[in-house]
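To start, the structure itself, in structure tokens.
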């Protein structure tokens, strides 16, 4: 039920947790309305532009702008120093425009693709290659900025670098991007040209906000730090940052393929040691990019051999697998918390005990899902609140997950995980969030 502005202000200043929670819920609904594709008001686009500007000021994004501008200006001649920064900016906003087109034409299912392990591994590989290229340890031809016949290739490389930067910054400001995609996903019943255009324009405006400081520095000539030897170290730091982001995608991909969480880091460390060893074992007269290329081919050969070995290794019989899957398939014990994995059993228990039901939509590939699982044991307030409710975990591989995803109340599931819902014993939704760090808010609703 909608409330007046006066009611919202009273909820804000109210002394009870219920009033504060109601205000937060109303504000979340208001934000969702601004992001929805059926809202084409000027204010909604201004809201997104300001959101993009705010995202560009995050400490994980803003420090990279002046450094990247200085590097890109060296790719053009003295009369066209603004060319590459402008092309780079266009690459950034184009990436966000593509996000909008994909989201608009698929009903906000862009992040649905990221659920597949192969997609995450592919993104991880691309980011690693970009990081090595940024550190000048790998020669990717279209990133060349030399003069002569390769000038167009250099501009194309700059544009592709901008596209990559848009993808990388979206990972850094992920919660904001996810919120925008949620607004688009809420309008999935009918896909029209108008809705696709609105979705594309909204994310384009957000991308303009993210890239605006870069545009001001690189094209309009704002004062930049003086170049020096220190830029080489910053260049390596930037490369390390890109590779660092690749680890997150690598982790999601390996978890999706059944790796244990404890072995993911060991796998990445082993690959790093192998590449480092092969790099230094080669002749010194080779160029760095040649040595790195050979080291990467060696790693690829080792990975390929392991895949072949795994494909020919004996697999558990179907009978053994079926027996393993039926053991404890309705209840999981995590520390002092009992999680139901069967909907009927969970709601039967809730009705008998007169408790609320806490739904945790979970994916084994989802790192934030696993972070929340740790918080359920490490956060005393959250742990105590969860003990007062019936806990129901829905894995993304289950049939019930697909049923919930088609529920118009939960468009967030068409964007990604994690996602949490609190309902009464009849399944009526009382609260929902996709932010696993809102433990105080979750505990407050469960304790009412």
Subject >> Which listed residue is touching a helix residue (DSSP H, G or I) at 6+ places or on another chain (Cβ under 7 Å), crowded, with 18+ Cβ neighbours inside 10 Å and modelled with pLDDT of 80 or more, from 208, 177, 173 >> reply: 208
**OP:** Report yes if some residue within segment 137-159 is assigned to a helix (DSSP H, G or I), under 24 Å from residue 48 (Cβ atoms) and at pLDDT 75 or above; otherwise report no.
**Re:** yes
**OP:** Kindly provide the set of residues from segment 275-293 that are under 21 Å from residue 123 (Cα atoms) and free of Cβ contacts under 8 Å to residues at least 40 places away in the same chain, ordered by number.
**Re:** 275
Original post:
(1) modelled with pLDDT of 80 or more; (2) farther than 30 Å from residue 286 by Cβ: which one isn't true of residue 108, the others all being true?
Top reply: (1)
**OP:** Among the residues of segment 377-394, write down those that are touching a residue at least 24 places away in the same chain (Cβ under 8 Å) and more than 16 Å from residue 436 (Cβ to Cβ).
**Re:** 384, 387, 388, 389, 390, 392
Original post:
Hey, among 277, 266, which residue is over 30 Å from residue 362 (Cβ atoms), exposed (fewer than 13 other Cβ atoms within 10 Å of the Cβ) and not assigned by TED's automatic domain parsing to the domain that holds residue 369?
Top reply: 277
**OP:** Tell me, yes or no, whether segment 351-360 has at least one residue that is touching a strand residue (DSSP E or B) at 6+ places or on another chain (Cβ under 9 Å), crowded, with 20+ Cβ neighbours inside 10 Å and within 24 Å of residue 260 (Cβ to Cβ).
**Re:** yes
Original post:
Which one of these is outside any loop (DSSP other than H, G, I, E, B), under 26 Å from residue 117 (Cβ atoms) and without any contact (Cβ under 8 Å) to a residue 40 or more places away in the chain: 432, 374?
Top reply: 374
**OP:** Keeping to segment 410-448, report how many residues are under 30 Å from residue 105 (Cα atoms) and surrounded by 14 or more Cβ atoms within 10 Å (Cβ to Cβ).
**Re:** 18
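The values are calculated or read from the model by the stated rules, or taken from the named source; none is laboratory data. Note that the structure is a prediction, hence the values are computed from the model and not measured. With ideal geometry, Cβ positions are generated from the backbone for all residues, glycine too; neighbour counts draw on all protein chains shown.
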